[in-house]
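The structure appears below as structure tokens.
The values are calculated or read from the model by the stated rules, or taken from the named source; none is laboratory data. As the structure is a prediction and not an experimental result, all values here were calculated from the model. Counting neighbours? That spans all protein chains shown, and the Cβs are built from the backbone with ideal geometry, glycine included.
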């Protein structure tokens with residue numbers, strides 16, 4: 001994901017700027033900005049989709065969708081071992097395939113294991129975000145995604161990514177994870193299954209927790225939020241290195 005601006009069309013539409021070391025990001029635009037949907041510089045069709053998502057969430061409790069992430073996660077327990085084995089000896093630091101160990105991914109920050117996710121439930125790790133360099137020196141990836149299984153929630157992933165800025169819509173933002181700006185959505189249908197998604201933000205990070213299973217149950221979102229709160233409390237151990245912070 002080497003784009004400076006990314007549109008994420010979930011319940012809200014945050015505009016993220018990935019960390020990079022090529023152009024300084026304006027200081028006045030850094031961090032979290034919460035603004036009205038009408039004032040966001042987005043195409044009208046994006047705004048309409050966000051509004052429609054809100055209506056579906058209110059009426060049905062979920063957005064009808066064929067999101068590919070649902071089938072991707074549900075099939076992962078079967079496919080993960082094969083992908084890990086196939087790319088185990090790939091020494092290319094730009095490789096984003098699944099790895100069995102964090103040590104196989106060059107990160108621009110220190111990421112300690114999270115006790116809220118049991119080691120035996122982890123399916124694999126993958127690099128996300130931008131691959132950072134400074135003065136021709138490789139710093140590593142700006143983000144990491146951890147895939148795991150949960151007996152109640154299904155097949156899940158937790159992502160942590162360094163960002164420089166994020167715009168959040170005032171109409172949809174909540175404070176679900178340790179009082180941090182957050183947004184959530186349930187997507188899917190009864191044929192392919194459902195995905196429960198939760199994002200939360202600090203001034204320089206975006207965290208995402210996704211879980212997919214075959215059933216629709218509003219209570220699963222409460223359980224997802226509870227797990228996110230546990231994970232977030234441990235993020236004090238996910239410290240960005242001085243070299244990484246120097247790129248900002």
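Looking across segment 125-141 at every residue that is part of a strand (DSSP E or B) and at positive phi, the one that is surrounded by the most Cβ atoms within 10 Å (Cβ to Cβ) is identified as 129. For the subset of segment 31-63 comprising residues that are assigned to a loop (DSSP other than H, G, I, E, B) and surrounded by 14 or more Cβ atoms within 10 Å (Cβ to Cβ), which member is modelled with the lowest pLDDT? Once the filter is applied, the top-ranked residue is 42. Considering only residues in segment 15-30 that are surrounded by 10 or more Cβ atoms within 10 Å (Cβ to Cβ) and more than 25 Å from residue 138 (Cα to Cα), the one that is modelled with the highest pLDDT turns out to be 29.
Within segment 146-173, if we keep just the residues that are free of Cβ contacts under 8 Å to residues at least 60 places away in the same chain and touching a strand residue (DSSP E or B) at 6+ places or on another chain (Cβ under 6 Å), the residue that is farthest from residue 92 (Cα to Cα) turns out to be 148. Residues that are more than 25 Å from residue 36 (Cβ to Cβ), touching a residue at least 40 places away in the same chain (Cβ under 8 Å) and either assigned to a loop (DSSP other than H, G, I, E, B) or under 15 Å from the mean Cα position of the chain (by Cα) (or both) within segment 179-207 comprise 192, 195, 196, listed in sequence order.
Restricting segment 208-228 to residues that are in a strand (DSSP E or B) and over 24 Å from residue 163 (Cα atoms), the residue that is farthest from the chain's Cα centre (by Cα) is 213.
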